[in-house]
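Peer 1: The structure follows.
The values are calculated or read from the model by the stated rules, or taken from the named source; none is laboratory data. Treat the numbers as computed from the prediction; the structure is a model and nothing was measured. Glycine gets a Cβ as well: all are built from the backbone with ideal geometry, and neighbour counts include every protein chain shown. In case anyone asks, the SASA skips ligands and DNA or RNA and just uses the protein heavy atoms, side chains included. Shrake-Rupley method; radii C 1.70, N 1.55, O 1.52, S 1.80 Å.
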Amino acid sequence: MGFLYTLVMYLAMPVVVARLLFRGVRNRQYHYRWRERFGRFKAPGFSQSLWVHAVSVGEVNAAEPLVRALQARYPERQLVLTTVTPTGSARARQLFGDSLFHVYLPYDLPFAVASFLGRIRPALAIIVETEIWPNLYRACQRRGIPLLIVNARLSERSMRGYRALGRLVSDSLACVSYVAAQSQADAARYRELGAPAERVGVTGYMKFDTQVPPNAMEKGMEWRRHWGEDRPVWIAASTHEGDEAAVWQAHAALLRQMPNALLLIAGRHPERFRLLESHARGQGFAVATRRQHRLAGPQHQVFVIDSMGELMPFFAASDVAFVGGSLCPIGGHNVLEPAALSRPVVVGPYTFNFEGITSSLLEAGAAERISDAAGLARAIGACLADPQRRAQMGEAGRRVFERERGAVGRVMQLIDSALH
């Protein structure tokens, strides 16, 4: 199976490269740093480094409290952070600057993996959330590098995809020192895929340990004063194309009830920012953008957040948040950031990427689930019209956030054990 997998990986390279070229049409960063994707980069001269892998923006954000803890606990060790996407790379640089070494994870080809590991020489590999690469995992085992999957999550859909690969996945998971899962459901799915039961446990969701930026609320309130302090404001965050038609319909309906309502919208992928602005104008809304106008004015109905890494202050500037990727079968995105700021949360029917966290918020009364544009308009409208309801939902979300903290400490205990 391993030989066939590697053969398929080599045969698939022309398609993979073509996909990079195609994605580069929208985001030119995909056209750069190709050598890194084959394990070729200037060796930083590390020995016994700590390597953390986080695929893209969401995983980098989830890994932030762990990276900070590693830097504090092991200041003498070099820290390596890998991503796959340019947006993940940009977020890593924004959060950590030059305090760690960043490079793209190579493709799962034996020569690329060997070159990568030989250059960073890790004492420990830490994979954030869900990434199973057979050649990479086997190479770590052969070199005696302990490998942890932390903040591990595995949806039913992802499990079905991995299960189709049979023994290839179970053999890969046998190379893992420990799977630190977000929830009991995630842990059970990893065991079902073949991870040794004694090496799977639940440590919780690390994003609960993220510190709310100290100036987020201050910035949010300042921005509200700029566009009108008493305006009803909602945010549609991390949206995909499948969410946005409903968002436009919902906002149009809200404007009929609340003519001064303001929608803040942040698309998930930066290559779609201009398209998002164009669609908003096409709907007839008065539009401002972060890059062009910096902030919305009293005359604007929609504000497109075409920048990265600024969601927290915009959540703080909103009365209620819709989290995207949930009205289409993407599986939803992180609902914790608005909850941490005591903001009510609205989600669609597809939240399997964050099912445990979303369920906790729903059960606590901090979130509401809707199914379509009409439901979105009703839920947002109800929150905007009722300050007491907003306060109750927001407080419930904040309590869930505070209750679930501590995952990073539990993961750090596993890391300490692996290194000693």
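Peer 1: Pairs under 6 Å by beta carbon, first residue farther than 21 Å from Pro270 by Cα in the stretch 18-43, partner surrounded by 13 or more Cβ atoms within 10 Å (Cβ to Cβ) and basic (Lys, Arg), six or more apart or different chains?
Peer 2: Between residues of the stretch 18-43 that are farther than 21 Å from Pro270 by Cα and residues that are surrounded by 13 or more Cβ atoms within 10 Å (Cβ to Cβ) and basic (Lys, Arg), the close pairs are Ala43/Arg119.
Peer 1: Residue pairs, Cβ under 8 Å, 6 or more apart or interchain, first in the stretch 268-291 and in contact (Cβ under 8 Å) with a residue 40 or more places away in the chain, second of a type outside the set (D, E, K, R) and in a helix (DSSP H, G or I). List them.
Peer 2: Pairs found: His269/Thr87; Pro270/Thr87.
Peer 1: Let me ask you something else. Can you say whether Val57 is farther than 21 Å from Gln413 by Cα, crowded, with 18+ Cβ neighbours inside 10 Å and among the β-branched types (Val, Ile, Thr), as far as the supplied structure shows? Give the derivation first.
Peer 2: Values: farther than 21 Å from Gln413 by Cα: yes; crowded, with 18+ Cβ neighbours inside 10 Å: yes; among the β-branched types (Val, Ile, Thr): yes.
Yes; evaluated as a whole, the condition is true for this residue.
Peer 1: Moving to a separate point now. Say whether the condition of being farther than 22 Å from Arg19 by Cβ, without any contact (Cβ under 8 Å) to a residue 60 or more places away in the chain and touching a helix residue (DSSP H, G or I) at 6+ places or on another chain (Cβ under 8 Å) is met by at least one residue in the stretch 121-133.
Peer 2: no
Peer 1: Now for a different question. Of all residues in the stretch 271-289, which are modelled with pLDDT of 95 or more, part of a helix (DSSP H, G or I) and open to solvent by 20 Å² or more (accessible area, probe 1.4 Å)?
Peer 2: Of everything in the stretch 271-289, those that are modelled with pLDDT of 95 or more, part of a helix (DSSP H, G or I) and open to solvent by 20 Å² or more (accessible area, probe 1.4 Å) turn out to be Glu277, Ser278, His279, Arg281, Gly282.
Peer 1: Just to be sure I understand, how many residues within the stretch 53-87 are within 14 Å of the chain's Cα centre (by Cα) and basic (Lys, Arg)? So that I can check it myself, show each step before the final result.
Peer 2: Start the filter on the stretch 53-87 by keeping residues that are within 14 Å of the chain's Cα centre (by Cα), which leaves 53-65, 83-87.
Checking which are basic (Lys, Arg) leaves us with none.
Residues meeting the conditions: 0.
Peer 1: Give the residues of the stretch 99-113 that are closer than 15 Å to Ser172 by Cα and outside any helix (DSSP H, G or I), sorted by residue number.
Peer 2: Keep residues of the stretch 99-113 that are closer than 15 Å to Ser172 by Cα, which gives 108-110, 113.
Listed by number, the residues that qualify are Asp108, Leu109.
Peer 1: Being over 21 Å from Leu362 (Cβ atoms) and outside any loop (DSSP other than H, G, I, E, B) narrows it down to one of Arg231, Arg256, so name that one. Please lay out each step first, then the result.
Peer 2: On the way: Arg231 fails: outside any loop (DSSP other than H, G, I, E, B).
The match here is Arg256.
Peer 1: Would you check which residues across the stretch 340-360 are under 23 Å from Glu402 (Cβ atoms), touching a strand residue (DSSP E or B) at 6+ places or on another chain (Cβ under 7 Å) and either of a type in the set (Asp, Glu) or modelled with pLDDT of 95 or more (or both) and list them?
Peer 2: Passing the criteria: Arg343, Pro344, Val345, Val346, Val347.
Peer 1: Additional query: Is there any pair linking a residue in the stretch 234-262 that is more than 21 Å from Asp386 (Cα to Cα) to one that is of a type in the set (Lys, Arg) and part of a loop (DSSP other than H, G, I, E, B), with Cβ under 7 Å and at least six apart or on different chains, and which?
Peer 2: Qualifying pairs under 7 Å: Ser238/Arg268; Thr239/Arg268; His240/Arg268.
Peer 1: Could you please tell me which pairs satisfy a Cβ distance under 7 Å, a separation of 6+ or placement on different chains, a first residue in the stretch 192-204 that is within 21 Å of Phe354 (Cα to Cα), and a second residue that is of a type in the set (Lys, Arg) and surrounded by fewer than 22 Cβ atoms within 10 Å (Cβ to Cβ)?
Peer 2: Leu193/Arg163; Val200/Arg191; Thr203/Arg410; Gly204/Arg410
Peer 1: Still on this structure, I have one more. Filtering the stretch 358-378 down to residues that are within 18 Å of Gly242 (Cβ to Cβ) and in a helix (DSSP H, G or I), which residue is most open to solvent (accessible area, probe 1.4 Å)? Can you show your working first?
Peer 2: To start, the set of residues in the stretch 358-378 that are within 18 Å of Gly242 (Cβ to Cβ) comprises 358, 369-377.
Retained after the next criterion (residues that are in a helix (DSSP H, G or I)): 358, 373-377.
Working: Thr358: 3, Ala373: 15, Ala374: 54, Gly375: 6, Leu376: 0, Ala377: 12 Å².
This residue is Ala374.
Peer 1: Okay, next question. How many residues, within the stretch 89-113, are within 18 Å of the chain's Cα centre (by Cα), under 14 Å from Trp34 (Cβ atoms) and either of a type in the set (Lys, Arg) or open to solvent by 20 Å² or more (accessible area, probe 1.4 Å) (or both)?
Peer 2: Matching residues across the stretch 89-113 total 0.
Peer 1: While we're on this one: What residue, of Thr87, Thr82, is part of a helix (DSSP H, G or I) and among the β-branched types (Val, Ile, Thr)? If you could, list the steps in order and put the result at the bottom.
Peer 2: On the way: Thr82 fails: part of a helix (DSSP H, G or I).
Checking each option against the conditions leaves just Thr87.
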